[in-house]
Ligand code: NAP
């Protein structure tokens with residue numbers, strides 16, 4: 001029988017910000033491929049709903065609420081996962097914030113700090129807490145959901161883009177240090193995806209039309225468009241892939257527009 005390169009049976013995955021949008025689509029896809037998944041975000045009721053949906057369709061999921069910027073809640077998320085399933089094989093750091101839209105000269109210190117804290121420091125904290133057990137087992141896949149914004153200058157989302165560029169460097173650093181332990185660490189950089197998070201960037205039809213015209217595939221992304229890369233990176237298919245940034249953007253960065 002041919003081995004299924006994408007089979008995740010027996011693997012345990014934690015996906016932050018998985019009650020909605022991209023994180024949810026990734027979690028559901030990992031579950032469909034056999035992984036046990038932890039659904040987590042700030043709002044417990046939504047996490048419960050998503051986990052129940054996965055369980056009802058034959059997958060395995062638990063819901064553990066966690067605001068990633070609170071250490072006690074991060075600790076509880078990881079401890080509950082380990083208590084339930086004994087380990088963490090796949091860590092997807094997807095939750096992020098974008099509290100400011102405007103000139104780089106006007107951003108309040110508090111908004112700048114919050115962006116760096118959630119989008120960079122919390123990701124590092126999760127890596128520090130989970131990579132040691134992956135090293136012991138000589139197996140693990142870590143993904144950070146960055147953005148194509150981390151590759152380009154921005155006139156209105158500067159701090160957010162700084163944080164997303166930093167995520168790309170985090171994966172290079174960790175890939176370099178822990179490749180010898182068979183831990184793969186990669187960034188997924190989406191283009192504009194139709195979620196609540198990006199609503200201001202596509203709800204104006206004129207802005208959306210311009211964006212679509214600059215996208216070689218002539219459409220915006222759907223959360224499900226990001227699911228396949230997560231399954232690839234989590235599975236045997238991605239076993240020699242590390243330290244990379246995957247732009248999943250309908251070709252926007254290739255075209256140099258949009
Ligand atoms: P979304 O649909 O709004 O989902 C965001 C998820 O993160 C929700 O589950 C939300 O749930 C959770 N969340 C937010 N703040 C959190 C916190 N402090 N702690 C824990 N969970 C938190 O957004 P999305 O578009 O899927 O965004 C996911 C990732 O994709 C982000 O890293 C974003 O930067 C990146 N991205 C998005 C786009 C795009 O166009 N959509 C493009 C490039 C990159 P709660 O509200 O319940 O906490």
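Since every read-out is calculated from the coordinates, none of them should be taken as a lab result. Keep in mind that what you see is a predicted model, and the values were worked out from it rather than measured. Cβ sites come from the backbone with ideal geometry, for glycine too, and all protein chains shown count toward neighbours.
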Rough spin-label spacing in nm, given labels placed 7 Å along Cα→Cβ, for residue 48 and residue 224: 2.8 nm
Could you put 87, 43 in order, starting from the residue whose Cβ has the fewest other Cβ atoms within 10 Å? 43, 87
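Order of 92, 131 from fewest to most other C-beta atoms within 10 Å? List each step's numbers first, then the result.
On the way: 92 28, 131 20.
In order of increasing Cβ crowding within 10 Å: 131, 92.
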Relative contact order (percent) for the chain, with alpha-carbon contacts under 8 angstrom and 6 or more residues of separation? 19 percent
Residues in segment 67-81 near a label at residue 121, defined as backbone nitrogen under 17 Å from the 7 Å Cα→Cβ point? 67-75
Quick one: length gained pulling residue 156 to residue 212 fully straight, 0.36 nm per residue minus the C-alpha distance? 18.2 nm
Mind ordering 71-78, 166-173 by average Cβ neighbours within 10 Å, highest first? 166-173, 71-78
Rank these for me by crowding, 126, 6, going from fewest to most other beta carbons within 10 Å. 6, 126
